[in-house]
Amino acid sequence: MALTDAQPQSPHGSDAAPTPANACDAHMHIFTHVDIERYAAVQSQLGTTRTVVVTPRPHGVDNAVTLDAIAQLGRERTRGVCVIRPDISDAELRRLHDGGIRGIRFTLYTPANAVVGFEMVEPLAQRIHAYGWHVQLHWTADQIVEHRAMLGRLPCPIVFDHMARLPQPAGLAHPAREVVEQLAAATERVWVKLSGPYLDSRDGLDARYADVAPVARHWAATLPDRVVWGGDWPHVTETHTPDDVDLLRLLTEWVPDEAARKRILVDNPAQLYGFTH
């Protein structure tokens, strides 16, 4: 039996809106098999029932734990984003697809230690396009600007990780914002994840990442049908681990409108990851 067969409890306190049915946490990581049970408890606290497991950087191109997590959490309500190289076989791509994978990630914000490279993005995008997958890019804002021409050539959906990593204090003034918006205007295949506010915040946890709030609000308003939310559990980059429920509560502050939040938590991820209502 899948770990999430039990109906999750409503999260938050009485001061926050309830999580809508079929809400999705579109970005989390599993490092060990033990983590699956730990995340199931977090999922219950959040009130989410759908999940996207992203292969973490330390695992390289080994996606076994991600596939196992999808199976354990429930294939009908869990999807995955894997890490692969261009020499992957067609048979392995099919196996990953059958296991719930719907995208590939390029974690290149520190390319010196990356297991993939910028030269792999286009060849792999061509390979995965036939499966309806997307490319998920954890790049710096400067890298987004540098590779804007290549991004415009990709045939598949593009998901920009962690609000496109617009750095502070520049924030929305960084030219990467315009690059993402121009790509979005030229194609309906551009998506942004509202996740990891701590990654570029200078204000930090105590200030509830206030400097990043305008960035989150901007993407939610600019791409209302192509924004998803992710908690980024278990927050391995952080010395002081944020509360997962409070991170979801931030979404209520960024997007006060209930219908807009439902799109972000339910409708948009259903479209991007192929969840069935």
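The values are calculated or read from the model by the stated rules, or taken from the named source; none is laboratory data. Predicted model, so just to flag it, every value in this text is computed and none were measured. Neighbour counts are summed over all protein chains in view; Cβ atoms, including those assigned to glycine, are modelled from backbone coordinates with ideal geometry. In case anyone asks, the SASA skips ligands and DNA or RNA and just uses the protein heavy atoms, side chains included. Shrake-Rupley method; radii C 1.70, N 1.55, O 1.52, S 1.80 Å.
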### Query
Taking segment 43-60 as the search range and keeping residues that are assigned to a loop (DSSP other than H, G, I, E, B) and at pLDDT below 95, which one is nearest to the chain's Cα centre (by Cα)?
Pro56
### Message
If a residue counts only when it is modelled with pLDDT under 95 and surrounded by 17 or more Cβ atoms within 10 Å (Cβ to Cβ), which helices (runs of 4 or more DSSP H) contained entirely in segment 106-153 have at least 2 such residues?
### Response
none
### Query
under 26 Å from Glu119 (Cβ atoms) and of a type in the set (Val, Ile, Thr): does that describe Val65?
no
### Task
Please identify the pairs in which a residue from segment 22-38 that is under 10 Å from Thr48 (Cβ atoms) has its Cβ atom under 6 Å from the Cβ atom of a residue that is open to solvent by less than 10 Å² (accessible area, probe 1.4 Å) and polar (S, T, N, Q), counting only partners at least 6 apart or on another chain.
Ala23/Thr48; Asp25/Thr48; Asp25/Thr51
#### Entry: Identity of the residue in segment 242-277, surrounded by 13 or more Cβ atoms within 10 Å (Cβ to Cβ) and among the hydroxyl-bearing types (Ser, Thr, Tyr), that ends up farthest from the chain's Cα centre (by Cα)
Thr252
#### Entry: Condition check for Asp87: out of contact with any strand residue (DSSP E or B) (no Cβ under 7 Å at 6 or more places or on another chain), modelled with pLDDT under 95, over 21 Å from Gly274 (Cβ atoms) and not in a strand (DSSP E or B)
no
### Query
Which of the residues that make up segment 169-196 are touching a His at 6+ places or on another chain (Cβ under 8 Å) and under 20 Å from Thr241 (Cβ atoms)?
Lys193, Ser195, Gly196
### Query
If you go through segment 224-237 one residue at a time, do you hit one that is closer than 19 Å to Gly196 by Cβ, surrounded by 13 or more Cβ atoms within 10 Å (Cβ to Cβ) and hydroxyl-bearing (Ser, Thr, Tyr)?
no
